[in-house]
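Here's the structure we're looking at; comments come further down.
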Amino acid sequence: MVQARDIAGGVHFHHAGPLPPPTPRQLPPQAAHFTGREAELARLDTLLDERGAGQLPTVVVSAIAGSPGIGKTSLAVSWGHHAQDRFPDGQLYVNLRGYDPSPPMTAGQALGFFLRSMGLRDEQIPIHLEDMTATFRSVLAGRKMLVVLDNAGTAEQVRPLLPNEPGCAVLVTSRSRLSGLVAHDGAHRLTLDVLAPGKAMLLLRDVIGTDRANREPYAVAELARLCAYLPLALRIAAERVATRPHFAISDLVDELAAEHNRLDALASDDDEATAVRTVFSWSYTALPPPAARVFRLLGLHPGPDLGLDAVIALTGLTPPAARRVLGGLIAVHLATETGRDRFQLHDLLRVYAAERAATDESDNDRKAATLHLFEWYLHTAHAALFAFYPQHPKIPIDPIGPECQPLTFTGDSQARGWFAAEHSNLMAIIRHAPAVGQHTVGWQLPNAVDCYLSEYHHVADQITVHQQGLSAARQLDHQLGQRWAYGHLGEAYQNARRYDEAVRCHQHGLEIARQTDDEFGQGSSLSDLADCYIELRRCREAVEYKRQALNIYRAIGHQRNEALTLMGLGDAFRLLGEFDKAMTHLCLSLDLFMKIEAGNNQALTLRSMARVHHERGQNNDAIDHLQQAVALFREQHRDYACAGTLHELGTVFRDTGLPREARETWREAIAILADLDPEQATQIQGKLKALDTRDEHTYFDSSHS
């Protein structure tokens, strides 16, 4: 249809209608040998039932507080599985990482994760936190769901994640008492203590084995005492005993007692901290040297989890060797497998692993491992960028090191999946780069992740990483790095509709580009400034900047940005009412995009051309161009853009006097938007109702048009 240009008759695109929203079942598996918390489980049941039989409380927020390793998560997850029949619409779970070494998850990141888990597309998810909270609460309307917010740091991190739906319940775990949540949000606090000695011994007996424990009851009691009755320490110590069946329990207790004394000087006055470090050390020192090295190197990774390929980059092992060592760490509970080839350390284990890396690895070895890891993320993200968006302009990047083996990608869906899986790790790498002297990665990696963040509307992350990138480039006094950081930071501010800040960034970027004779940078800064001025309706200034950018792009032969600039000129001239000039520039843009096969940008240009035709009263031409744009968006699976174009197409049909076609087109748009953007779907539904109340005889019959 794009090649035909003119189409006779109507073209209709049908949608099967929205699928029912998914039922999330996100709770992690229950901990093995969970015991000793019968009173706490009963208390949670009581909280759920206290408003009457079968009636859920308005919102139950139980702030399960306690020290690290005391079993907060195990309790919340176990009760969630126990009570799942009370929540037929599912359970949401997120680890807020409130006390991780890397930055905690923000409320906005958690809301984005929840909304996507409940079937919303990225185009539907708002940018601002308040709007995200409102959308989350709207989606939960009428549902009975459990929300588990694990490892929260502050009440402010939690509050935007609280539903206001009577059928929902919330469990929050935290080392903090979260007094603000209790005082202002009606939370019920459930504070956990260490296990009673008898319960602690029961847990040990379950793991070690009843017969063996019965033969040495005093050794079992002493083992529980050395673990300070802390569930995490008890589990790890019991597993250590269970894996050495030919040793007497008392022999292992003596070994642990000696280790306990050796580590007392490193521990605080908190007996629980002493117990945890002691038990970790006991397991660590029993590892074979290759496994011990991998464990401590894992402490150098700043993110919440890591994939097998990242482990290989960090350690230099082959894939079979890495799997073998990780399997050994999992077997002794020093690591957890969270998915296929994805691994995680408990937050306390991560701290301990980092301690061991600091003491057992030389400075040179630590720096080399960190460099290999950061380089791998940089070059893998670079490869994913160009699989995700092949026509993206080249970005500055250091050459691949001789030992770096980044991933390759066969298509955009594989690249998107990698970005999604590594999102939190990429953010952590960028934030952590200055602390380990990786300033070059610190300014280059944000450029590689920018397109993904922009496409999926992670605006807060986009702003953060480019602020970090700018700081890293300044640390190196790297002018090119600063120019790129200013450009992407300005675009991030544009996405957040913070246009004054965006303008200042682009002006700084333009100044640097001129000082360094960076022609591409000058064109980018000028064009981005013009885009801000179009949004601010300063269209004369926009035209001048776009023309300057156009001259630069033509001089350096950058056709993709030349076509984008022509499209921007067309939009500016349309807003000025200079329709002939607008159409001239848009036609040039379309021809160039067709030449370089940029399908998505072709569709955007066709839509801009249709707006010009519509404002000039050339509605048949507007319909033709919008139909072509819809076809292209369909081909690329750009559902949200397709629905917006159908919305515009229906409006043109209505204004042309074709009410039947308008209804059909708007209904197609509503079918797509029902689970993408309910607000826009409701807006179109209002147009449909308004159209139905009008006298159809006032319109021309569509057969006469």
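Output the residue which, of all residues in region 117-163 that are out of contact with any strand residue (DSSP E or B) (no Cβ under 8 Å at 6 or more places or on another chain) and on the phi > 0 side of the Ramachandran plot, is modelled with the lowest pLDDT. The extreme case among them is Gly119. Examine region 582-596 for a residue that is more than 25 Å from Val543 (Cα to Cα) and not basic (Lys, Arg), and state whether such a residue exists. The answer is no; no qualifying residue exists. Restricted to region 599-615, and to residues there that are buried (at least 16 other Cβ atoms within 10 Å of the Cβ) and closer than 21 Å to Arg540 by Cα, the residue that is farthest from the chain's Cα centre (by Cα) is Val612. Residues in region 363-385 that are open to solvent by 30 Å² or more (accessible area, probe 1.4 Å) and over 20 Å from the mean Cα position of the chain (by Cα): Asp363, Asn364, Asp365, Arg366, Lys367, Ala368, Leu371, His372, Glu375.
Of all residues in region 491-509, none satisfies being of a type in the set (A, V, I, L, M, F, W, C) and touching a Pro at 6+ places or on another chain (Cβ under 8 Å). Residues that are touching a Lys or Arg at 6+ places or on another chain (Cβ under 8 Å) and part of a loop (DSSP other than H, G, I, E, B) were ranked within region 386-396; the one that is least open to solvent (accessible area, probe 1.4 Å) is Pro393. Out of Ile596, Ile552, one residue alone is at pLDDT below 95, open to solvent by 10 Å² or more (accessible area, probe 1.4 Å) and within 22 Å of Leu526 (Cβ to Cβ). It is Ile596. Only one of the numbered conditions (1) open to solvent by 50 Å² or more (accessible area, probe 1.4 Å); (2) more than 30 Å from Gly36 (Cα to Cα); (3) assigned to a loop (DSSP other than H, G, I, E, B); (4) of a type in the set (Asp, Glu) is not met by Asp193, and that is (2). Flag not set for Arg416, criterion: modelled with pLDDT of 95 or more, part of a helix (DSSP H, G or I) and either open to solvent by 40 Å² or more (accessible area, probe 1.4 Å) or not small (Gly, Ala, Ser) (or both). Would you please name the residue that is nearest to the chain's Cα centre (by Cα), looking only at residues in region 72-90 that are farther than 24 Å from Gly36 by Cα and either buried (at least 20 other Cβ atoms within 10 Å of the Cβ) or acidic (Asp, Glu) (or both)? Among residues in region 72-90 that are farther than 24 Å from Gly36 by Cα and either buried (at least 20 other Cβ atoms within 10 Å of the Cβ) or acidic (Asp, Glu) (or both), the one nearest to the chain's Cα centre (by Cα) is Gly90. Right, Lys367: among the basic types (Lys, Arg) and touching a helix residue (DSSP H, G or I) at 6+ places or on another chain (Cβ under 8 Å) or not? Yes, satisfied. Here Gly523 clears all of (1) open to solvent by 40 Å² or more (accessible area, probe 1.4 Å); (2) closer than 29 Å to Pro396 by Cα except the condition numbered (1). If the condition is being of a type in the set (A, V, I, L, M, F, W, C) and open to solvent by less than 40 Å² (accessible area, probe 1.4 Å), then region 327-353 contributes Leu329, Leu334, Ala335, Phe343, Leu345, Leu348, Leu349, Ala353.
Taken over region 331-345, the criterion of being outside any strand (DSSP E or B) and either basic (Lys, Arg) or within 20 Å of the chain's Cα centre (by Cα) (or both) is satisfied by Arg340, Asp341, Leu345.
The values are calculated or read from the model by the stated rules, or taken from the named source; none is laboratory data. As the structure is a computational prediction, the values presented were derived from the model and not from experiment. Don't worry about glycine lacking a Cβ; one is built from the backbone with ideal geometry, like all the others, and counts go over all protein chains shown. Ligands, DNA and RNA are excluded from the accessible area calculation, which covers all protein heavy atoms including side chains. Shrake-Rupley method; radii C 1.70, N 1.55, O 1.52, S 1.80 Å.
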